[in-house]
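Taking it in order: structure first as structure tokens, then the write-up.
The values are calculated or read from the model by the stated rules, or taken from the named source; none is laboratory data. Only a predicted model underlies this, so the values are computations on that prediction, with no experimental measurement involved. When we count neighbours, we look across all protein chains shown, and the Cβ atoms used for this are built from the backbone with ideal geometry, even at glycine.
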Amino acid sequence: MTTPARRRSMDLFGLPALLWFAVFLVGPLVQVLGLAFQKRGLYGGIEFVFGFQNYLRSFNPVYFEILVKSLLLASLTSVLCLAISLPLAWGMTGFSPRRKQMILIVLAVPFFMNMIARIYALKTFLHVDGPVARVLAFMGVEGDLLNLSQNFPLVMYGLVTAYLPYMLLPIWIQMEKTDPSLIESAMDLGASPWQAFRQVLVPSLRPAIASGLLLVQVPVMGEYVIPDLLGGAKTMLVGNLISEQFLKARDWPFGAALGIEMLLLLAAMSAVIMRWGRREVLR
């Protein structure tokens, strides 16, 4: 039983973390929320005129189309990461402990390098002056070699490679805890391998899949570095739109309104994913 003195000491130890949370998270959010109700000045400044004009402006069909594109891109990235992670994690469970450690090292080593440096390395490798373009030119392949480093499939590749471990690791850890006899029992009762995988294994992995979706779907919705570097800024996404308002258009109130709406959307998505992950497997 916790004594009053011990409870007070625990409260004192938690006070710095609470202050950090209030100053560096709640404070900036409140500032952005207040900024969203202001108005952009003539030369990029801020006029302190309270109004909902920024939120009303965000309902323009152009911005709604950008939101839909971002949502579809994030959903496609999550589906691809999930489709790769499930069979990969299933195969990894049969490896020896030493080989599992080697796989963990292989997955972790690329993250020792900054993500922007990795994306620039991929872009340079496929650039018009890169080795791939030179080999194609030497072979007489015609076409716009600049498209090698600026296209939608390359954006998808960059997103999947950047966020795949966040989907794979939770599923792998949960699959390591799953009893293999459940699959064997289902197949003994007449289920096909696909039915056993879909109706027995996948439902038991629901919390891990939900965690992976949170770690992939939510950050990809706000991603702007990878689409900008690998897509050649050909497609405007929500993350790019918000950064453009703050850094180039200098329309901070509108950017703040978009950021608040994005935050609410991501909170709703997270709530739905978490609720799905907590559903009972057997009813």
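Computed quantities for the displayed model
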| read-out | value |
| --- | --- |
| Matching residues, the range 200-223, being farther than 30 Å from F64 by Cα and in a helix (DSSP H, G or I) | V200, L201, V202, P203, S204, R206, P207, A208 |
| Criterion violated by G232 - all others in (1) at pLDDT below 85; (2) part of a helix (DSSP H, G or I); (3) among the small types (G, A, S); (4) in contact with a Leu (Cβ under 9 Å, 6 or more places away or on another chain) satisfied | (2) |
| The lone exception for D188 - which of (1) of a type in the set (D, E, K, R); (2) closer than 30 Å to F125 by Cα; (3) at pLDDT below 80 it fails | (2) |
| Qualifying positions in the range 34-43 - part of a loop (DSSP other than H, G, I, E, B) and either among the acidic types (D, E) or within 10 Å of P253 (Cα to Cα) (or both) | A36, F37, Q38, G41 |
| Filtered residues of the range 83-103 (kept if surrounded by 14 or more Cβ atoms within 10 Å (Cβ to Cβ) and of a type in the set (A, V, I, L, M, F, W, C)) | I84, L86, L88, A89, W90, M92, I103 |
| Residue in the range 8-23 that is modelled with pLDDT of 85 or more and part of a helix (DSSP H, G or I) present | no |
| Residue match in the range 201-220 (condition: in contact (Cβ under 8 Å) with a residue 60 or more places away in the chain, surrounded by fewer than 17 Cβ atoms within 10 Å (Cβ to Cβ) and closer than 13 Å to L82 by Cβ) | yes |
| The range 45-70, residues that are surrounded by fewer than 15 Cβ atoms within 10 Å (Cβ to Cβ) and among the aliphatic types (A, V, I, L, M) | V49, L56, V62, V68 |
| Of residues in the range 121-136 being assigned to a helix (DSSP H, G or I) and in contact with a helix residue (DSSP H, G or I) (Cβ under 7 Å, 6 or more places away or on another chain), the one farthest from P219 (Cα to Cα) | L136 |
| Qualifying residue in the range 213-232 (condition: more than 18 Å from the chain's Cα centre (by Cα), under 20 Å from L72 (Cβ atoms) and not aliphatic (A, V, I, L, M)) | yes |
| Residue in the range 235-248 that is farthest from the chain's Cα centre (by Cα), counting only those that are outside any helix (DSSP H, G or I) and buried (at least 18 other Cβ atoms within 10 Å of the Cβ) | M236 |
